[in-house]
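Undergrad: Sharing a structure here in structure tokens format.
The values are calculated or read from the model by the stated rules, or taken from the named source; none is laboratory data. Keep in mind it's a predicted model, so treat the numbers as computed, not measured. A quick note on method: Cβ atoms are made from the backbone with ideal geometry, for glycine too, and the neighbour counts reach across all protein chains shown. Please note that ligands, DNA and RNA were not included when accessible areas were found on the heavy atoms of the full protein model with its side chains. Shrake-Rupley method; radii C 1.70, N 1.55, O 1.52, S 1.80 Å.
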Amino acid sequence: MVTPVMSTYAREDIAFVSGEGVYLVDREGRRYLDFGSGISVTALGHCHPHLVKALQDQAGQLWHVSNLYHIPGQEKLAQRLVDATFADSVFFCNSGAEAVEAGLKIVRKYHDATGNPDRYRVISFTGGFHGRTFASLAAAKKEAHMAGFHPMPEGFDQVAFGNLNELRNAITEETAAIIVEPIQGESGIHPADAEFLRALRQTADEFGLLLFFDEVQTGVGRTGRLFAHEWAGVEPDLMSSAKGLGGGFPVGALLAKAHVAEAVTPGSHGSTFGGNPLAMACGNAVLDVMLADGFFEGARKQAQVLWDGLTKLVDAHPGIFSGLRGQGFLLGLQCEIPNRDVLRQLRKNGMLAVVAGDNVLRLAPPLIITERHIEEALGILEKSCAELEKDGEKE
Ligand code: PLP
């Protein structure tokens, strides 16, 4: 049946009407502990007072002006991202897919501008996810996502995630860039080894390729540092960001080093809404909180407490879980029963999480969780496992 809202998602029968910190409230008044954060979006929880104030203040002042004019909030956020990262320049948009799309276009523009217009192909990795635009779908090459949408844009090759030999063999004179998620999120929380990321940097340098990190899911504090690649000590040439960047307000960004950004000139690319004053007020407010002294240290401490608790949970329930992986607040519990059964049980017990590929239950709580929230989450997980085990015995 066709519904007024187009059926792009299989929606759970639940509607939330308010949120505060780590909790969401549905329209029946039931409270849930939110360890999904809208799929890794609300990095500072729901309705963080600093973000609410920033958005309200901006809403009373100015909502939108075109990128035909200077936007002070945009210049401020760009400068802060430049100061805090590898990047020298930032393009703002409204979503992760748009950030990836901008990056894929700019990869070609860079090689064209530097006298290599034949270099246009991008190598990606199996299990990657980069969004739902044509180019981001073509880059990820996931058959289920491409089904019915062929033909895909040309110029994308794929090799096994983590396999350097395959990568080197796939490089030709037409190769322009390598795109990779430091931790593959959608396919089941698969981290790339730091060693592998370093080898990608060396390979890119050796063959004159651009290294493109897709940090839409892993960025903005999710792994306990501003961006996940910082753990490996490797810098990309360009990087997509979104999700947590606006704390729940749609903000995307493509960050680039100077040599890449130099290829971009007025008219090369654009966005009507990208970087508008409301979005930038939210982005700046997120950074006010995250870049404050001690924020990441505190978050990493809590992430360790969560990791330790989950490790014990996995050990105690081998029939439900067989492993834990990820980093910081982007964690995957490998399930031994269907991940959706675990998700449903958690929801019954008042906790939200998100499934991921490979039968994984993804936990992506806001970075502001305290030990009290962790205890509550572990309690609900424990109770849910016990109930699922009991149901399993009955069958
Ligand atoms: N890239 C990665 C790594 C993602 O995880 C996602 C979304 O989950 C995207 C890109 C697409 O982002 P959006 O849904 O905001 O377009």
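Undergrad: As a check on your grasp of the helix formula, calculate [θ] at 222 nm for the chain: sum -39500 (n - 2.57) over DSSP H runs of n ≥ 4, divide by the residue count, round to the nearest 500. Mind showing how you got there, number by number?
TA: On the way: 13 runs with 152 residues, N = 395.
Result for the chain: -12000 deg cm²/dmol, rounded to the nearest 500.
Undergrad: Can you work out the accessible area per residue across segment 244-395, with the rest of the protein chains kept in place, probe 1.4 Å, in square angstrom?
TA: Working: 6350 Å² over 152 residues.
That works out to 42 Å² per residue.
Undergrad: Please give, to one decimal in nm, the separation of the simple spin-label points placed at E173 and K394, each 7 Å out from Cα toward the Cβ.
TA: Between E173 and K394, the simple spin-label model gives 6.8 nm.
Undergrad: Considering only DSSP beta bridges whose two residues both sit in segment 146-286, what percent are antiparallel, to the nearest 5?
TA: 45 percent
Undergrad: Let me ask something additional. By how many nm would the segment from E382 to E20 lengthen if fully extended, with 0.36 nm per residue of separation less the alpha-carbon distance?
TA: 127.9 nm
Undergrad: Taking each full run of DSSP H in the chain as one helix, which ones are at least 30 Å long along their axis (Cα atoms) and have mean Kyte-Doolittle hydropathy of at least -0.5? Present the calculation step by step, with values, prior to reporting the outcome.
TA: Details: long enough: 295-316 (32 Å, -0.06); 371-394 (34 Å, -0.94).
Once both thresholds are applied, what remains is 295-316.
Undergrad: Going highest first, how would you order 7-14, 376-383 by mean Cβ packing within 10 Å?
TA: Values: 7-14: 8.1, 376-383: 19.1.
The peptides rank, most packed first, as 376-383, 7-14.
Undergrad: Here is a follow-up. Mind checking which of L343, L255, L68 has the largest fluctuation in a GNM of the chain, springs on alpha carbons under 10 Å?
TA: Taking springs between Cα atoms under 10 Å, the residue moving most is L68.
Undergrad: Can you work out the FRET efficiency for the pair D13 and D315, with r the C-beta to C-beta distance and R0 = 35 Å, to the nearest 0.05?
TA: Values: r = 34 Å, r/R0 = 0.96.
For R0 = 35 Å, the calculated efficiency reads 0.55.
Undergrad: Given Cβ point charges of +1 (Lys, Arg) and -1 (Asp, Glu) and nothing else, what value in debye, to the nearest 20, does the dipole of the chain about its Cα centre take? Show your work: numbers first, answer last.
TA: Details: 35 positive and 49 negative charges, 137 e Å.
Dipole magnitude for the chain comes out near 660 debye.
Undergrad: In terms of the Cα gyration tensor, with a ≥ b ≥ c the square roots of its eigenvalues, is segment 50-290 rounded because a/c is under 1.5, prolate because a/b exceeds b/c, or oblate? Working shown, then result.
TA: Numbers: a/c = 1.71, a/b = 1.54, b/c = 1.11.
Because a/c hits 1.5 or more and a/b exceeds b/c, segment 50-290 counts as prolate.
Undergrad: While we're looking at this one, here's another question. Could you pull out every one of the aspartates and glutamates with an alpha carbon less than 20 Å from that of K394, ignoring same-chain neighbours closer than 8 positions?
TA: Those aspartates and glutamates meeting the cut-off are E336, D341, E382.
Undergrad: Here's another thing I want to ask about it. Please work out whether segment 265-308 counts as rounded, prolate or oblate from its C-alpha gyration tensor, where a ≥ b ≥ c are the square roots of the eigenvalues and a/c under 1.5 means rounded, while otherwise a/b larger than b/c means prolate and anything else oblate? Mind showing how you got there, number by number?
TA: Working: a/c = 3.70, a/b = 2.65, b/c = 1.39.
The shape class here is prolate.
Undergrad: Between the alpha-carbon centers of segment 230-270 and segment 280-339, tell me the distance in whole angstrom.
TA: Segment 230-270 and segment 280-339 have Cα centres spaced 24 Å from each other.
Undergrad: Give the percent of DSSP beta bridges with both residues in the chain that are antiparallel, rounded to the nearest 5.
TA: On the way: 32 of 49 bridges.
Here the antiparallel bridges make up roughly 65 percent for the chain.
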